[in-house]
Amino acid sequence: MKPRVAFFDAKSYDREYFDRVGRDWLDFNYHRFALDTEIAGVVADAFAVCCFVHDRVDRACLEALKSHGVRLVAMRCAGFNGVDLEAARELGIVVTRVPAYSPNAVAEHAVAMLLTLVRNTHRAYNRIRDHNFSLAGLVGFDIAGKTVGVIGCGKIGQKAAQIFRGFEARVLAHDPAADPAWATQHGVELVDLPTLWRECDILTLHVPLFPETEYLIRAETLAAMKRGVIIINTSRGKLVKTDDLITALRSGQVGGVCLDVYEEEDEVFYSDHSGQILDDETLALLLTFPNVLVTSHQAFLTREALLEIATTTVENILALAGGRPLLPGTVLVEPAG
Ligand code: NAI
């Protein structure tokens, strides 16, 4: 019998790639809703649950999963702040994730958003569909010669910095663990945060959300930046204090914003709310600014990334079911013994 996998928050693209990679060996039970304690009962007989960023796998949920015999929580994403790892360890439930799927996908989306915003492509597209071929109000600027600041030079930040170097921008980067050899090789200058705030025309965030990075972008840091700075956040919503960002947009201190993530995104992103009144006044206000571009946490959404996510997740489920070692670097809570 194939191991059963209860799959939460399933979207059409998840089904397509997981079916392609794993349907021959695993019995997927796809659910459109996210996992929480109340509905943990639907996992009956499942060997594993497969979850995404907005699933809340807290202690009570894990206890319910344990009582139904679930052995593995397979996160099909890099982030795991929604999982109580300590509780999973105590309960003997294995937890895995996909630490990297396509750093290029996220870095390229950050650049795509920036180019759209600064060249007004989104406005031109709508205008021309309405047969308005006027160029008034569409003046942009070159990336070449500008100073771009990259905060966090891990897998994604490095790719973003390299792309911006290809645009002939000066690239400054800040990361306490940055690799100086990489920086030298790519002509990236490693600097402290005050220098970054002071000198950059464009800032792109690629740090994880930690207590020390929460609200990295807030009134005080915004005030230290160059007037008219463009900010890109494809990392985590809570890196930016949205109310302070709105104040800075209103005053012109910030000249434009690209957001693939938003601090209150859980209630809104990934679902179709068209035809409804948006019950989030801050987001509704942000969407009225012509110099704000928002996408719905889609930076990862490429064919390459989806294939990598499905392959890594399926391999780990099959490895645990077959008593084989899990893929190195993917295990958050190891199997007991
Ligand atoms: P990574 O772990 O390879 O790199 C993170 C880097 O941030 C590390 O080099 C680390 O030293 C650095 N860092 C940590 N604290 C810092 C601080 N206070 N200041 C400056 N640098 C600091 O992670 P990766 O793969 O590059 O991902 C970065 C983030 O991108 C993830 O944490 C996640 O939040 C986000 N992400 C967003 C996706 C999307 O679809 N929008 C998809 C995947 C990841």
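The values are calculated or read from the model by the stated rules, or taken from the named source; none is laboratory data. Just so you know, these numbers come straight off a predicted model, no measurement behind them. For neighbour counting, all protein chains shown are included, and Cβ atoms are generated from backbone atoms with ideal geometry for every residue, glycine included. Surface areas here come from the heavy atoms of the whole protein model, side chains and all, with no ligands, DNA or RNA. Shrake-Rupley method; radii C 1.70, N 1.55, O 1.52, S 1.80 Å.
A few remarks follow.
- Summed over qualifying helices (DSSP H, 4 residues or more, each -39500 (n - 2.57)) and divided by its residue number, the chain shows a 222 nm mean residue ellipticity of -10000 deg cm²/dmol.
- With the alpha-carbon atoms of the chain aligned to their principal axes, the span from lowest to highest coordinate is 64, 51, 34 Å, starting with the largest.
- Cross-link reach is defined here as a Cα-Cα straight distance under 22 Å, omitting same-chain residues fewer than 8 places apart; for K159 the lysines meeting it are K146.
- All distinct Cα pairs of region 103-294 go into the 1/r average, and the inverse of that average, the Kirkwood radius, is 17.2 Å.
- Accessible surface ranking for F289, F210, 1.4 angstrom probe, highest first: F210, F289.
- Computed from point charges on the beta carbon alone (+1 for Lys and Arg, -1 for Asp and Glu), the dipole magnitude for the chain about its Cα centre is near 880 Debye.
- Annotation: peptides 93-103, 260-270, ranked by per-residue average of other Cβ atoms within 10 Å with the highest first, follow the order 93-103, 260-270.
- Between the helical axis of 103-118 and the longest alpha-carbon principal axis of the chain there is an angle of about 30 degrees.
- Calculated FRET efficiency, L135 to I39, Cβ-Cβ distance, R0 = 51 Å: about 0.45 to the nearest 0.05.
- For region 103-294, relative contact order (Cα pairs under 8 Å, six or more residues apart, normalised by length) works out to 18 percent.
- Normalised by the number of residues in region 219-337, the mean separation of alpha-carbon contacts (under 8 Å, six or more apart) gives a relative contact order of 22 percent.
- Highest mean packing first, where packing is the average number of other Cβ atoms within 10 Å per residue, the peptides 203-209, 320-326 line up as 203-209, 320-326.
- The accessible surface of region 260-335, taken with every protein chain in place and a 1.4 Å probe, is 52 percent carbon and sulfur.
- Between K11 and T195, residue separation times 0.36 nm minus the direct Cα-Cα distance comes to 62.0 nm.
- Segment Q185-A144, length gained on full extension (0.36 nm per residue, minus Cα span): 12.8 nm
- Here the convex hull built on the C-alpha positions of region 271-333 has a volume of 181 cubic angstrom per residue.
- With each label modelled as a point 7 angstrom along the Cα→C-beta vector, the N291-E264 pair spans 2.4 nm.
- Among 44-56, 217-229, the peptide with the highest mean count of other Cβ atoms within 10 Å heads the list, and the full ranking is 44-56, 217-229.
- Label-to-label distance, Q276 versus R123, with points set 7 angstrom from Cα along the beta-carbon direction: 3.1 nm.
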